[in-house]
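Presented below is the structure to which this report refers.
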Amino acid sequence: MSPVLILYKSVHHGNTRRVVQFLVQQTGADAADIGQLPLPDPTHYRLIILASGICFQSMHQAIHAYIEKTDLSGKPVLLLYTCGLPFKGYTRKTVKLLLKKKAECLGVCHCRGYGTDGLFGKIGGIARSHPTKEDMNRIFASAQKAIRTSGASSSCGCLRSPVASRLPAGRRTVTPSHAHLHQESGAC
Ligand SMILES: Cc1cc2nc3c(=O)[nH]c(=O)nc-3n(C[C@H](O)[C@H](O)[C@H](O)COP(=O)(O)O)c2cc1C
């Protein structure tokens, strides 16, 4: 079992699910749609990543319901979202809830995702090519940082980094390309 659990809700175009699938490939994390029961027991994981598309200026309601009903006291959590138009305040409510539940919010990472809601649908949608490979790599870097901070990895923070896995054990933190994977995302 991986020490990292990703719980996600992706209802619009599967944008968030694509990002989550990429993270699963890169890190070996366990992942589950937050609507599917039974969900894995969070106490078995060192890091929880909560992910969704933005819906009416906020993360999906299913994410909030999960936080409300789950004991996340002291649990490191990373938030991940995809959105049509980036805006800083999207996770305000979610972070507030995490603080109320005494979770340890390690940060927020996001990228744009193809959206056809409301008027955007009439003009063919926005952020049509997103999430891009570049978006996913950026989010992977944020996840790597959270994995390292939460202690959900052995020595250097990479569970199954393609770069790191090709290196001998003693050199797993020294190449520039590997160091790049450890760059910071914004904190809560
Ligand atoms: C009902 C609805 C409301 C949305 N509200 C917002 C919004 O407030 N801000 C924004 O940037 N994108 C908004 N979007 C666009 C989605 O956040 C974006 O397309 C996201 O990548 C969808 O992720 P998903 O495909 O994983 O569900 C909305 C989409 C829908 C369907």
Are there chymotrypsin sites (Phe, Trp or Tyr not before Pro) in segment 54-155 that DSSP marks as loop and that have at most 15 other Cβ atoms within 10 Å, and which are they? Phe56, Phe87
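By how many nm would the segment from Leu99 to Asn137 grow when fully extended, if each residue of separation counts as 0.36 nm and the alpha-carbon distance is taken off?
10.9 nm
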Using the Cα centre of segment 74-128 as the reference point, and only Cβ charges (+1 on K/R, -1 on D/E), how large is the resulting charge dipole? Debye, rounded to the nearest 20. 240 debye
Segment 69-156: trypsin sites (Lys or Arg not before Pro) in DSSP coil with no more than 11 other Cβ atoms inside 10 Å: Lys102, Arg128
Rounded, prolate or oblate (a/c below 1.5 giving rounded, otherwise prolate when a/b exceeds b/c) for segment 16-146 by Cα gyration tensor: prolate
Whole-Hz Karplus ³J(HN,Hα) for segment 3-20, in order, using 6.51 cos²θ - 1.76 cosθ + 1.60 and θ = phi - 60°, x for Gly and Pro? x, 10, 10, 10, 10, 9, 9, 9, 10, 8, 10, x, 5, 5, 4, 5, 5, 5
Extension gain (nm, one decimal) between Phe87 and Phe56, 0.36 nm per residue minus Cα-Cα: 10.0 nm
Tell me which residues come under 5 Å, amide H to amide H, from Cys109 once H is placed; ignore anything under 5 positions away on its chain. Leu79, Leu80, Tyr81
Taking H as built 1.01 Å from N, whose amide H comes closer than 5 Å to the amide H of Ala31, not counting residues under 5 places away? Ile6
Amide H neighbours of Ala103 at under 5 Å, excluding residues fewer than 5 places away on the same chain, with H built from the backbone geometry, are Gly74
Under Karplus coefficients 6.51, -1.76 and 1.60, residue-wise ³J(HN,Hα) of segment 29-34 in Hz, glycine/proline x: 4, 7, 9, 8, 5, 5
Stick to Cα atoms and the Kirkwood definition of Rh, then tell me Rg/Rh for segment 69-158. 1.06
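We did not get these values from a lab; they are worked out from the coordinates using the rules stated. What you see is a predicted model; the values in this text were computed from it and never measured. Cβ: placed from backbone, ideal geometry, glycine included. Neighbour counts: every protein chain shown.
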